[in-house]
Amino acid sequence: GESVGLHLPTLSVQEGDNSIINCAYSNSASDYFIWYKQESGKGPQFIIDIRSNMDKRQGQRVTVLLNKTVKHLSLQIAATQPGDSAVYFCADLDQTGANNLFFGTGTRLTVIP
Amino acid sequence: DSGVTQTPKHLITATGQRVTLRCSPRSGDLSVYWYQQSLDQGLQFLIQYYNGEERAKGNILERFSAQQFPDLHSELNLSSLELGDSALYFCASSAGTENGYTFGSGTRLTVV
């Protein structure tokens with residue numbers, strides 16, 4: 001992802017439904033991807049990561065899918081809960097350089113009780 | 001508690017002033033990164049230090065500077081402040097390899 005000064009896209013889901021948050025990245029050299037969750041007034045918090053030699057990775061209630069062909073990443077949250085309401089960022093790391101993480105614009109997820 | 005400590009949590013200052021934000025990385029982490037987050041926007045990478053040396057620069061203004069000290073804590077100096085500098089400033093640290101960063105809780109800077 002690239003950090004750009006755009007307003008955040010939003011996603012609203014009913015409690016208990018599954019959420020899918022999408023992210024596109026631009027750097028073909030990126031080989032490590034991370035999803036972060038940022039709650040209001042707090043710093044970003046690591047959720048799950050995936051390396052470029054994988055196309056799927058699962059955690060607790062979360063799954064990340066990586067499609068390198070189209071440079072697309074998605075985060076799936078199962079059985080979304082009110083505590084999942086936050087801004088979600090994808091980030092990619094180009095390890096050929098200075099190992100800097102570049103963040104996407106983020107998506108604001110709102111869970112409706 | 002993420003292990004990354006940022007102080008102060010809040011800072012209100014006037015235009016034209018200079019402030020210093022401080023970050024203590026997680027124990028053992030050699031890399032420190034500074035990010036700026038304006039209201040409802042993404043995280044803009046500012047600068048990275050590794051073991052005391054500047055490693056990479058992002059969208060950092062010339063009015064801003066940073067350094068990392070021998071004990072690995074880092075300071076971000078913002079001078080000639082403008083209203084548009086109002087933002088959340090995050091520090092993150094990592095072990096300097098391929099893993100993700102651990103973020104602090106940020107400093108909210110308000111320039112009035």
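The values are calculated or read from the model by the stated rules, or taken from the named source; none is laboratory data. Predicted, not measured: the structure shown is a model, and the values here were computed from it. All accessible areas refer to the heavy atoms of the entire protein, side chains included, with ligands and DNA or RNA removed. Shrake-Rupley method; radii C 1.70, N 1.55, O 1.52, S 1.80 Å.
Here the convex hull built on the C-alpha positions of chain B has a volume of 94 cubic angstrom per residue.
How much area per residue is accessible in chain B when the probe is 1.4 Å and only protein heavy atoms are counted (Å²)? Could the numbers behind the result be given before it?
On the way: 5090 Å² over 112 residues.
With all protein chains present, chain B gives 45 Å² per residue.
Summed over both chains, the accessible area lost when B and A associate is about 1900 Å², using a 1.4 Å probe.
Here chain B exposes an accessible surface that is 46 percent carbon and sulfur, computed with a 1.4 Å probe and the other protein chains kept in place.
Legend: residues A:R108, B:R63, sorted from most to least accessible area (1.4 Å probe; ligands, DNA and RNA excluded), read A:R108, B:R63.
Quick one: what do you get for the protein assembly as shown if you divide its Cα Rg by 2.2 N^0.38 Å? List each step's numbers first, then the result.
Working: Rg = 17.3 Å, N = 225, 2.2 N^0.38 = 17.2 Å.
Cα-based Rg divided by the globular estimate yields 1.01.
Residues in segment A:27-113 average 44 Å² of solvent-accessible surface per residue, probe 1.4 Å, ligands and nucleic acids excluded. These residues, B:F103, B:F69, go from largest to smallest accessible area, 1.4 Å probe, as B:F69, B:F103. Compactness of chain A was expressed as the Cα radius of gyration divided by 2.2 N^0.38 Å, which yields 1.02.
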